[in-house]
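Report on one structure; see the data block that follows.
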Amino acid sequence: MMLEDAQQRLGEFLSPLTVDVFLGEGLSGGFRLVRHDGASSRAGLLGPDPEALLASATHLAADLTYHSANASGPPPSLAGVADPADFRARIAAFHARNYSVRFPDLRPLAPAVDAVARSLELLIHQPVSASAFWSRGGMRAPVHYDDHDLIVVQLKGTKRWYVSTRPSPLFNTWKGVSGNPPDLGAHEVVDLAPGDLMYLPRGTFHTVDSDTESVHLAIGFTPLTLREAIVAALDHLSDMNRPLRATVAGRMEGVDPQALGGAVAEAVGQLLNAVRAPGFLTAALQRRSSRAIGGLDRLPRPAQPPALGLDTVLRHADHAFSHLGANAETIDFAYPGGHLYIHRGAQEAVVFIAETQSFRVRDLPGDIGDEVRLALAARFVEVGFLEVASPQPGVADLFGAGATSR
């Protein structure tokens with residue numbers, strides 16, 4: 001997947017909102033509503049019958065969550081689900097007691113959702129999750145907030161949202177001391193119909209209710225924050241500065257905060273000087289992006305890597321993208337699910353692989369022999385970044401029709 005592909009796919013999903021507006025002022029401008037204009041196909045991201053798709057996902061039974069502010073009884077058990085019919089009956093039991101049911105980890109189940117999520121990951125260098133909420137009329141949700149940004153897409157039915165108009169506090173993700181139940185306060189009422197899209201910044205208090213059966217999709221992510229940029233700078237400095245990696249305390253009882261405070265203050269001063277140096281912060285963010293992309297859900301890999309020849313035509317696998325970094329000796333080729341560390345003598349070929357969507361093995365440039373070309377190509381196929389182009393069998397063929405990314 002090239003940058004242009006990701007921008008186009010995300011643009012189609014967001015339409016009529018543009019990618020530049022969404023990833024620019026959109027992420028800093030608070031709550032945003034985008035009505036369906038008929039141009040986007042986002043209402044069909046879970047197919048023509050989203051309930052049937054969700055009811056078939058029996059493997060998710062143990063991971064389902066649920067909520068309600070007006071439950072008529074305790075939640076039913078999800079233990080020992082026997083088959084799709086049993087699973088659907090359990091879901092119906094939740095609905096009968098006014099629970100909304102959340103289906104997590106939808107990306108392997110819905111290729112269209114996975115494509116949108118992967119496109120967003122390419123652009124923001126952060127992980128993206130996808131879940132769906134299925135409810136029946138009469139359900140009310142408790143007032144709450146999410147610790148990540150949300151793109152909500154109504155897929156079926158209608159749902160009424162009550163969204164706080166106060167600026168989000170942008171809470172940190174860790175849990176603090178529990179206080180009183182959240183108060184929605186001043187709010188806006190928004191009715192969503194199929195195809196409507198809504199963006200909620202993390203920490204935005206909201207609740208929902210519905211008079212009809214409803215399914216909506218929730219895509220979660222957290223853009224780069226100032227805190228994370230500072231952490232990236234500190235990580236980069238500590239890679240180059242051994243004292244920052246030194247142990248400063250064993251037992252926490254009796255730690256001398258005055259002595260430790262001096263060391264911390266000195267380190268903060270070093271960090272301040274470093275971020276003012278030309279190129280330092282750019283390098284720090286590049287290193288952070290490499291780690292983030294390598295930590296994403298990995299690409300599908302062939303169970304049996306195919307034999308390659310110099311005239312084998314290869315192509316980028318679906319949803320594959322990369323981020324390149326390097327030191328004096330080694331290239332760091334980050335891709336979803338890992339890293340390849342390759343000698344810089346093959347740099348020209350590695351850059352070519354990253355930037356060329358389809359090619360023959362013999363086309364790999366650089367002062368390298370054919371054995372190296374074949375070895376490089378084989379390694380990229382093995383990790384799922386490249387696949388053999390038709391008419392020869394590709395990675396999808398080797399996995400079969402049910403291939404999913406894990």
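The values are calculated or read from the model by the stated rules, or taken from the named source; none is laboratory data. The shown structure was predicted, so the numbers you read here are calculated from the model rather than taken from an experiment. We place every Cβ from the backbone using ideal geometry, glycine too, and count neighbours over all the protein chains shown.
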Could you run through region 278-308 and say how many residues are under 17 Å from Thr222 (Cα atoms) and not in a helix (DSSP H, G or I)? 3
Take the conditions more than 23 Å from His125 (Cα to Cα) and surrounded by 12 or more Cβ atoms within 10 Å (Cβ to Cβ) and apply them to His236. Does it pass? no
Confirm whether Val19 is under 20 Å from the mean Cα position of the chain (by Cα) and either among the basic types (Lys, Arg) or surrounded by 19 or more Cβ atoms within 10 Å (Cβ to Cβ) (or both). yes
Residue that is surrounded by the most Cβ atoms within 10 Å (Cβ to Cβ), among those in region 183-197 that are farther than 10 Å from Arg160 by Cα and small (Gly, Ala, Ser): Gly195
For residues that are within 21 Å of Met1 (Cβ to Cβ) and among the β-branched types (Val, Ile, Thr), scanning just region 313-353, find the one that is farthest from the chain's Cα centre (by Cα). Val313
Condition test on Pro50, is it surrounded by fewer than 12 Cβ atoms within 10 Å (Cβ to Cβ) and at pLDDT 95 or above? no
How many residues are assigned to a loop (DSSP other than H, G, I, E, B), modelled with pLDDT of 50 or more and not β-branched (Val, Ile, Thr) when one looks only at region 370-391? 4
Does Gly73 satisfy the criteria of being more than 19 Å from Trp161 (Cβ to Cβ) and not hydrophobic (A, V, I, L, M, F, W, C)? yes
When you scan region 177-191, do you find a residue that is modelled with pLDDT of 95 or more, over 29 Å from Arg90 (Cβ atoms) and in contact with a Gly (Cβ under 7 Å, 6 or more places away or on another chain), even just one? no
Based on what the data block shows, is Ser129 of a type in the set (Gly, Ala, Ser) and under 23 Å from Leu109 (Cβ atoms)? yes
Residue satisfying condition, being at pLDDT 95 or above and surrounded by 12 or more Cβ atoms within 10 Å (Cβ to Cβ), within set Leu170, Leu200: Leu200
Looking at Arg276, Arg287, Arg301, which is the one that is outside the structural domain of Leu376 (by TED's automatic domain parsing) and closer than 21 Å to Ala117 by Cβ? Arg301
Within region 278-291, does at least one residue satisfy the condition of being touching a residue at least 12 places away in the same chain (Cβ under 8 Å), touching a Lys or Arg at 6+ places or on another chain (Cβ under 7 Å) and surrounded by 11 or more Cβ atoms within 10 Å (Cβ to Cβ)? no
Checking Arg362 against (1) surrounded by fewer than 16 Cβ atoms within 10 Å (Cβ to Cβ); (2) closer than 27 Å to Arg107 by Cα; (3) touching a Leu at 6+ places or on another chain (Cβ under 6 Å), which test does it fail? (2)
Given (1) within 23 Å of the chain's Cα centre (by Cα); (2) free of Cβ contacts under 8 Å to residues at least 40 places away in the same chain, where does Pro104 come up short, assuming only one miss? (2)
List the pairs whose first member sits in region 241-253 and is in a loop (DSSP other than H, G, I, E, B), whose second member is surrounded by 10 or more Cβ atoms within 10 Å (Cβ to Cβ) and at pLDDT below 85, and whose Cβ atoms are under 7 Å apart, counting only residues at least 6 apart or on separate chains? none
Checking Ala132, Ala115 in turn, the sole residue that is closer than 23 Å to Gly294 by Cα, of a type in the set (Gly, Ala, Ser), buried (at least 19 other Cβ atoms within 10 Å of the Cβ) and touching a residue at least 40 places away in the same chain (Cβ under 8 Å) turns out to be Ala115
Any residue that is of a type in the set (Ser, Thr, Tyr) and modelled with pLDDT under 95 - is there at least one of those in region 94-115? no
Can you tell me which residue within region 123-148, out of those that are of a type in the set (A, V, I, L, M, F, W, C) and touching a Gly at 6+ places or on another chain (Cβ under 9 Å), is farthest from Leu184 (Cα to Cα)? Val128
Across (1) at negative phi; (2) surrounded by 14 or more Cβ atoms within 10 Å (Cβ to Cβ), Gly337 clears everything bar (1)
Determine which member of the set Asp311, Asp367 is in contact with a strand residue (DSSP E or B) (Cβ under 8 Å, 6 or more places away or on another chain), over 18 Å from Leu122 (Cβ atoms) and not in a strand (DSSP E or B). Asp311
